[in-house]
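I'd like to ask you about the structure that follows.
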Amino acid sequence: MDRQFPSLHRLRRTAWIAFLVAPALIIMVTFVVVPIISALAFSLYDWRGLARGAFVGLENFRQVLFQEPFAGWTRNAFKHNVIVFVTIMVVQNATGFLLAYALFKEPFGYKFHRVSVFLPVVLSTVIVGFLWKLFLHPLFGLVNQVLVGVGLESLALPWLGDSRTALWALIFANAWHFVGFPTLIYLAGMQRISQDHIDAARLEGAGEWNMIRYVIWPLVAPSTTIIFVLTFIGSFNWFELPFIMAGLDGSPFGSTDVLGLYFYRTAFGNQSAGVQDFGKGSALAVLIFLVIVTVAALWTIYLRKREVEL
Amino acid sequence: MTTATTLPTGAEARGAAPIKLQPFLLQVLLIANSVLMLYPILVMVFSAFKDTGQIYDSPFSVPDFTNLVNFGKIITQTNFVTYLVNSFIVTGSAILLILTFGSMAAYGLARYQFRGNTILFLFFLSGLMVPLKLAIIPLFIQFKNLGILDTRLSLILLYTAMGLPSTIFIMTGFIRTLPQELEDAARIDGASELRIMTSIMLPLTRPAMIIAAIHNAVPTWNDFFFPLVFIQTDARKTLPQGLTTFMGEFNTDWGALFAGLTLSALPIVVVYIVLSRQFIAGMTSGALK
């Protein structure tokens, strides 16, 4: 006897299962699969506003990759995405690891600290962006008031107005917003380490540094993998924070321009450029998508191998 | 997902450590970080009770908490309340649809073996990492053709699609762990498949549903990108998008700006403080195996 379905007719069973999965399947196909595939198709056509023109093959790709001024803008934005990714990966996630380790030791008040480190994470990027835009105001912002207050007038710079510091100011705001996320992913990873491993290392007389280096760090490798991939996807989708804090043009002088802003400007136009170009916009979308998928896939494979080796 | 209660504290585990420097340093690190996290939020709230002059002159002082002028401006001179209601409608509807369709699909995938089961599960799973922002142009055209551009419905449908993969992932894993005996007993009693699902199995999945709901409610509530593209009419804007509108209007009135930020942050911060454990579990759940 079929243990699971003693009474059901085959047909009724099929209909029942179809009823269960169909709504989710239809919504996913309509609003995820079709748009993603369409983006690929759209990038191969010439567009006049909302109207699709002639098939142009890879022309849109050639323009955004090799023809000035588009190619220069693409390179500039891409470079900034790479800077953002590397900095976040190193600074924000290393801080997260340290904080997680501190919380893992469960010192006095760790429950409070766990709630506070995650508080900014639940806020909208719009709120965080505006908040830090006000705080980074050259004269009346909190940051420079504090710097002047402690006698560091020379450091009270126009952070968002200077093309040398603007991108770093945005990265700082991003780190403030999201450092709680890697912290709690790492914390969960550390809490899954079996106590035996830690005890064994203690018995062998491992100090704090060796404990982190040879026990904790290798054993949270799965957390590192997932943080790596999520950080990469997040960095190459960066849009809201620079949009709020630096504007659609990545001011000043394109020093905060990233692919997300450039893509949006190209697709929907802006005050200065005016025109919207769905063809080049789609080409950029496809390129960003390919970068994300390729790198995320390769790194997952590489890091999973590393997890095993460590 | 919950705190490990079995782990000894740092000091205990190390026994007779030569110096107690480590716990001290860790404590300093945590306190410094909490100050860095909370102080800006505190200043934001304080500034909401000050006028612009006070903010410029004494940014660190404790304000007069009975001065509600700035909040009055936000409530009466902007569409704040409309934006808030819209955010509730959009997030609420999306979560309802996500949980309904998500648990149905998860139940089908978890409790029945059929051809294509694994492929279907992997298909839903693949949606987890898709950056749907990049499909904004086709979505824009699609919504235009469907005649739902500039409606809350467009956002609800899109957020539902974005929330389904994680919900199916979380719920399938949970439903698989429910004992087969429950189902069999009900079947012997002659209960229909629908009844087994709705009255016996799904009520048991509440913890997973809460995780899935929070996992999707927070990004949906906070989203700015899709409203920015889809919604033009002011009366249909959600809170993050509406915030950009009135931040522009009050340009130099810093007191009102901080009041707007404070009011916008208030709902989610309050819920977070009450449900912080569920929030942390929910928001990190996609990233934990």
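The values are calculated or read from the model by the stated rules, or taken from the named source; none is laboratory data. All values reported here derive from a predicted model rather than from experimental measurement. A quick note on method: Cβ atoms are made from the backbone with ideal geometry, for glycine too, and the neighbour counts reach across all protein chains shown.
Residue-by-condition table, conditions (1) in a helix (DSSP H, G or I); (2) touching a Phe, Trp or Tyr at 6+ places or on another chain (Cβ under 8 Å):
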{"residue": "A:A206", "(1), (2)": "no, yes"}
{"residue": "A:R213", "(1), (2)": "yes, no"}
{"residue": "A:V229", "(1), (2)": "yes, yes"}
{"residue": "A:S235", "(1), (2)": "yes, yes"}
{"residue": "A:L241", "(1), (2)": "yes, no"}
{"residue": "A:I244", "(1), (2)": "yes, yes"}
{"residue": "A:L248", "(1), (2)": "no, yes"}
{"residue": "A:D257", "(1), (2)": "no, yes"}
{"residue": "A:Y264", "(1), (2)": "yes, yes"}
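Oh, and also: Across the range B:223-253, what is the total count of residues that are facing chain A (nearest Cβ under 7 Å) and either surrounded by fewer than 16 Cβ atoms within 10 Å (Cβ to Cβ) or among the aromatic types (F, W, Y) (or both)?
Total satisfying the criteria: 2.
Might you check whether a residue that is in a loop (DSSP other than H, G, I, E, B), at pLDDT 90 or above and more than 8 Å from chain A (Cβ to nearest Cβ) occurs anywhere in the range B:91-101?
Step one: list which residues in the range B:91-101 are in a loop (DSSP other than H, G, I, E, B), which gives none.
Looking for residues that are in a loop (DSSP other than H, G, I, E, B), at pLDDT 90 or above and more than 8 Å from chain A (Cβ to nearest Cβ), one finds none in the range B:91-101, hence no.
Ok, one more. Return the residues of the range B:264-274 that are surrounded by 14 or more Cβ atoms within 10 Å (Cβ to Cβ) and facing another protein chain (nearest Cβ under 10 Å); say none if nothing qualifies. Even if it seems obvious, please write down each step before you answer.
Applying the first criterion (surrounded by 14 or more Cβ atoms within 10 Å (Cβ to Cβ)) to the range B:264-274 yields B:264-265, B:267-269, B:271-272.
Of everything in the range B:264-274, those that are surrounded by 14 or more Cβ atoms within 10 Å (Cβ to Cβ) and facing another protein chain (nearest Cβ under 10 Å) turn out to be B:S264, B:A265, B:I268, B:V269, B:V271, B:Y272.
Yes or no, residue by residue, for (1) more than 27 Å from the chain's Cα centre (by Cα); (2) over 24 Å from A:F289 (Cα atoms):
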residue	(1), (2)
A:P23	yes, yes
A:T30	no, no
A:I36	no, no
A:D46	yes, no
A:Q67	yes, no
A:N81	no, no
A:G96	no, yes
A:P107	yes, yes
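A further question on this structure: In the range A:124-140, is there at least one residue being touching a strand residue (DSSP E or B) at 6+ places or on another chain (Cβ under 9 Å), basic (K, R) and within 10 Å of chain B (Cβ to nearest Cβ)? Before you say what the answer is, go through the steps one by one.
Of all residues in the range A:124-140, those touching a strand residue (DSSP E or B) at 6+ places or on another chain (Cβ under 9 Å) come to none.
Looking through the range A:124-140, none of the residues is touching a strand residue (DSSP E or B) at 6+ places or on another chain (Cβ under 9 Å), basic (K, R) and within 10 Å of chain B (Cβ to nearest Cβ).
From (1) in contact (Cβ under 8 Å) with a residue 40 or more places away in the chain; (2) more than 10 Å from every other protein chain (Cβ to nearest Cβ); (3) not hydrophobic (A, V, I, L, M, F, W, C), pick out the condition that doesn't hold for A:R265.
Among (1) in contact (Cβ under 8 Å) with a residue 40 or more places away in the chain; (2) more than 10 Å from every other protein chain (Cβ to nearest Cβ); (3) not hydrophobic (A, V, I, L, M, F, W, C), A:R265 violates only (1).
Scan the range A:62-83 and give yes if some residue there is within 30 Å of A:R213 (Cβ to Cβ) and part of a helix (DSSP H, G or I), otherwise no.
Restricting attention to the range A:62-83, the residues satisfying the condition of being within 30 Å of A:R213 (Cβ to Cβ) are A:82-83.
Now narrow it down to the ones that are part of a helix (DSSP H, G or I): A:82-83.
Yes: the range A:62-83 contains one or more residues that are within 30 Å of A:R213 (Cβ to Cβ) and part of a helix (DSSP H, G or I).
Condition first: more than 9 Å from every other protein chain (Cβ to nearest Cβ), among the β-branched types (V, I, T) and farther than 15 Å from A:N81 by Cα. Can you find one or more residues in the range A:240-249 that meet it?
Within the range A:240-249, the subset more than 9 Å from every other protein chain (Cβ to nearest Cβ) is A:241-242, A:245-249.
This time we only want the ones that are among the β-branched types (V, I, T), so: none.
The answer is no, given that none of the residues of the range A:240-249 is more than 9 Å from every other protein chain (Cβ to nearest Cβ), among the β-branched types (V, I, T) and farther than 15 Å from A:N81 by Cα.
Within the range B:105-159, can you find the residues that are touching a Gly at 6+ places or on another chain (Cβ under 8 Å) and crowded, with 22+ Cβ neighbours inside 10 Å?
B:I137
Another question, then. Between A:L203, A:L160, which is surrounded by 17 or more Cβ atoms within 10 Å (Cβ to Cβ) and in the same structural domain as A:A94 (by TED's automatic domain parsing)?
Working: A:L203 fails: surrounded by 17 or more Cβ atoms within 10 Å (Cβ to Cβ).
The match here is A:L160.
Given the criteria β-branched (V, I, T), assigned to a helix (DSSP H, G or I), closer than 25 Å to A:Q195 by Cβ and out of contact with any Asp or Glu (no Cβ under 8 Å at 6 or more places or on another chain), does A:V90 qualify? Explain how you work it out, then say what you get.
On the way: β-branched (V, I, T): yes; assigned to a helix (DSSP H, G or I): yes; closer than 25 Å to A:Q195 by Cβ: no; out of contact with any Asp or Glu (no Cβ under 8 Å at 6 or more places or on another chain): yes.
When the stated conditions are applied, A:V90 does not pass them.
Any residue in the range B:40-56 that's at the interface with chain A (Cβ under 7 Å from one of its Cβ atoms): show its pairings with residues that are β-branched (V, I, T) and part of a helix (DSSP H, G or I) at Cβ separation under 7 Å, as long as the two are six or more apart or on different chains.
Here the result reads B:M44/B:T262, each pair linking the range B:40-56 to a residue that is β-branched (V, I, T) and part of a helix (DSSP H, G or I).
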